[in-house]
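Shown next, in structure tokens, is the structure this report addresses.
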Amino acid sequence: MRTVITGGAGFVGSHLCERFLAEGHEVVCLDNLLTGNRRNIAHLLDRPKFSFLEHNISEPVAIDGPVDNILHFASPASPADYLAHPIATLKVGSLGTHNALGLAKAKNARFLLASTSEVYGDPEVHPQREDYWGNVNPIGPRGCYDEAKRFAEAITMAYHRFHGVKSRIVRIFNTYGPRMRLNDGRVLPAFMGQVLRGEPITVFGKGDQTRSFCYVTDLVDGIYRLLQADFSEPVNIGNPSEITVLELAKEIIAMVPGTKSTIDYCDLPQDDPKRRKPDITRAQTLLGWNPTIDRAEGLKRTLEYFKTVL
Ligand code: UDP
């Protein structure tokens, strides 16, 4: 099996590269290093079955030889990142997905799209099931990411229906773990960095908004299973254990005894989803998948990682 992973030098992408190598695949990692980093794949570069190509998938790409699978994970993915790079985000979700699908069609490869819980926007249905169409503000600050991913799902289904490309769509909910960037603006690295430095914890709004956090290796396992399944409609992968942002802040403060960090309430960003929790019935029944790492264990492993990069 030869597997191309776009965004392979990013947080989730680098864990995918590791898993597919461990499963015996040859892995071709594509990344333009906009938010990814060579450090994330440095330990893989001398593996004979691993190769790295610095390339922006929003530009057409040529890959020599056969390709069996294409996993399209390239995109800025934290709110701070896609606010800083709105056009690159729109391009990689649209042109990038088109190019990756074109490659899948030419190589007769299976195609797996990294989609997101952001397609549900600020959801009016809770928990979110795959048949919910969402509540997205197309012209708000998150529109560049949400609409790019909605377009990416639409073009993936079009290639599936019109060209017969074997496609999969994973809707990824909040994921965390080693190799997240400390400064990517997401809540978990932000709080962990703040607590380790003894700075105030920046809780946005009252902190009563909720998220549900999945440890990265659980996500990767769900993706690996989905690729093997014969199912082209979207599948949520996420950990349904829901927590408010304020509770998360308290859990992280409690992990660093003696920290000087206190809670600093800041403005809530526009269109910040109020509640988010995946309904994972489809992944459970279709893939036999369930998350295995609970938040206590996942947070512990992630804090250990952040200590090494602070
Ligand atoms: N958040 C926060 N403080 C921060 C960063 C984020 O309170 O320093 C909140 C944010 O408003 C949101 C939640 O944490 O409600 C998750 O934000 P994140 O940027 O991690 O991703 P999102 O789930 O919104 O895409």
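Placing dummy labels 7 Å off each Cα toward the beta-carbon, the span from residue 274 to residue 255 is 2.9 nm. For the stretch 9-67 versus the stretch 225-255, the spacing of their alpha-carbon centroids is 24 Å. Helices in the chain that qualify as membrane-span-like (whole DSSP H runs, Cα extent of at least 24 Å along the helix axis, mean Kyte-Doolittle hydropathy of -1.0 or higher) are 143-163.
Annotation note: trypsin sites (Lys or Arg not before Pro) in the stretch 226-289 located in DSSP loop regions with a Cβ neighbour count of at most 10 within 10 Å are 260. Extension gain, residue 244 to residue 297: 0.36 nm times the residue separation minus the Cα-Cα distance gives 17.3 nm.
The dipole here belongs to the stretch 109-239: it is taken about the Cα centre, uses +1 on the Cβ of Lys and Arg and -1 on the Cβ of Asp and Glu, and is about 360 debye. Among 140, 13, 207, the largest mean-square fluctuation in a Gaussian network model of the chain (Cα springs under 10 Å) belongs to 140.
The overall shape of the stretch 6-101, judged from the alpha-carbon gyration tensor, is oblate: a/c is not under 1.5, and a/b is no greater than b/c. Extension gain for residue 83-residue 263 works out to 62.3 nm (0.36 nm per residue, less the C-alpha to C-alpha distance).
Evaluated over the stretch 175-310, the count of Lys pairs having alpha-carbon atoms less than 20 Å apart is 10 (only pairs 8 or more residues apart or interchain). Evaluated over the Cα positions of the chain, the convex hull gives a direction-averaged projected area, one quarter of its surface, of 14.6 nm². A Cβ-based charge dipole, computed about the Cα centre of the chain with Lys and Arg at +1 and Asp and Glu at -1, lands at about 380 debye.
Summarising the amide proton neighbourhood of residue 111: residues at separation of 5 or more, or on other chains, whose placed amide H is nearer than 5 Å comprise 70, 166, 167, 168. The lysines within cross-link reach of residue 107, meaning a Cα-to-Cα straight distance under 17 Å and a gap of 8 or more places when in the same chain, are 166.
How about the stretch 154-215: which trypsin sites (Lys or Arg not before Pro) there lie in a loop by DSSP and see at most 14 other Cβ atoms within 10 Å? Loop-located and lightly packed - 206. Within the stretch 214-249, the chymotrypsin sites (Phe, Trp or Tyr not before Pro) that combine a DSSP coil assignment with at most 15 other C-beta atoms in a 10 angstrom radius are 231.
Just so you know, all these numbers are worked out from the coordinates, no wet-lab data involved. Nothing here was measured: the structure is a model prediction, and the numbers come from that model. Ideal geometry is used to build each Cβ from the backbone, glycine not excepted, and the neighbour counts take in all protein chains shown.
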